[in-house]
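In what follows, a structure is listed as structure tokens, so that the remarks can point back to it.
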Amino acid sequence: MSKNLVVLISGRGSNLKAILEAIKSGKINAKVSLVLSNKKDAKGLEIAKEYGIKTKFIDPSFFETRRGYDIYIAELIKKENPDFVVLAGYMRILSDEFIDAFEGKIVNIHPSLVPAFQGKSAQRQALDYGSLITGCSVHFVTKELDNGPVIVQAVVPVLPEDTEESLSNRILEFEHKIYPQAIKWLVEDRVVVSGRKVIVKDAKYGTLPVNPSLEDF
Ligand code: GAR
């Protein structure tokens, strides 16, 4: 049976678009019933509308606390009965109440090889550190920031002449492959979590730059 996704965004929405394209082309057997943003002018809201998807902007300034906001949006999202809540450039830390509401069903993409360079501006952090390798990770969201069990990672080189923009773009190309791929695995019930460890059933492990290997993207 087709699975249902709710996607949370804060901005540009290029990962959202990659996921919507993969659904449209039939690679992912799922639908997105709602795209929710905490930013009114998030470009991703326009992208969602182009694909005929319901959107909501919920203004955080109407809420006294982050917890209050998160409890409110959790109630809205529950009405959609999602199989997975997909964070795609959602730039707010989620409170424990939200994570409890969708335990084991929230996934995120982060532009580093977690646990390296957690939090904001991960690409800038990699450059400033002098790292020669970075990448991106799709992981489950737990109460520890950017540190839940990892489903798939892609390795990306840092070049001497890189700017934050050039490095971000190189990483983004892989984000657009690994996020749809991870969601495909999730909706096909191939992702098995055991403590911190994640195994994707029947996936091929051991060949970089993406581990486990891409099958469809
Ligand atoms: C992406 O690079 C994503 O990995 C990052 O924000 C960007 C959103 O781009 N997310 C984080 O840094 C989360 N901590 P998009 O709106 O074009 O998908």
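Would you pick out the residues in region 110-153 that are near the ligand (Cβ under 10 Å from one of its atoms), modelled with pLDDT of 95 or more, more than 16 Å from Phe84 (Cβ to Cβ) and aliphatic (A, V, I, L, M)?
Result: Val114, Ala122.
Among the candidates Gly104, Gly68, Gly52, single out the residue that is more than 30 Å from Glu164 (Cα to Cα) and in contact (Cβ under 8 Å) with a residue 40 or more places away in the chain.
On the way: Gly68 fails: in contact (Cβ under 8 Å) with a residue 40 or more places away in the chain; Gly52 fails: in contact (Cβ under 8 Å) with a residue 40 or more places away in the chain.
Sole residue among the options that is more than 30 Å from Glu164 (Cα to Cα) and in contact (Cβ under 8 Å) with a residue 40 or more places away in the chain: Gly104.
Would you mind telling me which numbered condition in (1) in contact with a Leu (Cβ under 9 Å, 6 or more places away or on another chain); (2) open to solvent by less than 10 Å² (accessible area, probe 1.4 Å); (3) under 30 Å from Asp216 (Cβ atoms) Ala42 fails?
That leaves (1) as the condition not met.
Any idea how many residues of region 118-144 are within 16 Å of the chain's Cα centre (by Cα) and not in a helix (DSSP H, G or I)?
Number of matching residues: 14.
Restricting region 82-97 to residues that are under 13 Å from the mean Cα position of the chain (by Cα), crowded, with 20+ Cβ neighbours inside 10 Å and assigned to a loop (DSSP other than H, G, I, E, B), which is farthest from the ligand (Cβ to nearest atom)?
The selected residue is Tyr90.
Within region 156-169, track down each residue that is within 16 Å of Ile133 (Cβ to Cβ) and touching a residue at least 12 places away in the same chain (Cβ under 8 Å).
The answer is Val156, Pro157, Val158, Asp162, Leu167, Ser168.
Can you pull out every residue in region 189-213 that is open to solvent by less than 50 Å² (accessible area, probe 1.4 Å) and either more than 16 Å from the ligand (Cβ to nearest atom) or not in a strand (DSSP E or B) (or both)?
Of region 189-213, the ones open to solvent by less than 50 Å² (accessible area, probe 1.4 Å) are 190-191, 198, 200, 203, 210, 212-213.
Within region 189-213, Arg190, Val191, Val198, Val200, Ala203, Pro212, Ser213 qualify.
In region 48-57, is there at least one residue being assigned to a helix (DSSP H, G or I), more than 21 Å from Leu186 (Cα to Cα) and either more than 16 Å from the ligand (Cβ to nearest atom) or at pLDDT below 95 (or both)?
Scanning region 48-57 turns up no residue that is assigned to a helix (DSSP H, G or I), more than 21 Å from Leu186 (Cα to Cα) and either more than 16 Å from the ligand (Cβ to nearest atom) or at pLDDT below 95 (or both).
Quick one: which residue in Leu172, Leu186 is under 14 Å from the mean Cα position of the chain (by Cα), within 13 Å of the ligand (Cβ to nearest atom), touching a residue at least 40 places away in the same chain (Cβ under 8 Å) and not in a strand (DSSP E or B)? Steps first, answer last, please.
Working: Leu186 fails: within 13 Å of the ligand (Cβ to nearest atom).
Within the list Leu172, Leu186, the selection yields Leu172.
Among the residues of region 11-47 satisfying the criterion of being among the hydroxyl-bearing types (Ser, Thr, Tyr) and more than 11 Å from the ligand (Cβ to nearest atom), which is nearest to Ser168 (Cα to Cα)? If you could, list the steps in order and put the result at the bottom.
Narrowing region 11-47 to residues among the hydroxyl-bearing types (Ser, Thr, Tyr): 14, 25, 33, 37.
Retained after the next criterion (residues that are more than 11 Å from the ligand (Cβ to nearest atom)): 25, 33.
Numbers: Ser25: 26, Ser33: 29 Å.
Among them, the one singled out is Ser25.
The values are calculated or read from the model by the stated rules, or taken from the named source; none is laboratory data. Remember, it's a predicted structure, so these values are computed and weren't measured experimentally. So basically every Cβ, Gly included, is an ideal-geometry build from the backbone, and we count neighbours across all protein chains shown. These area figures cover heavy atoms from the full protein model, side chains too; ligands, DNA and RNA do not enter into them. Shrake-Rupley method; radii C 1.70, N 1.55, O 1.52, S 1.80 Å.
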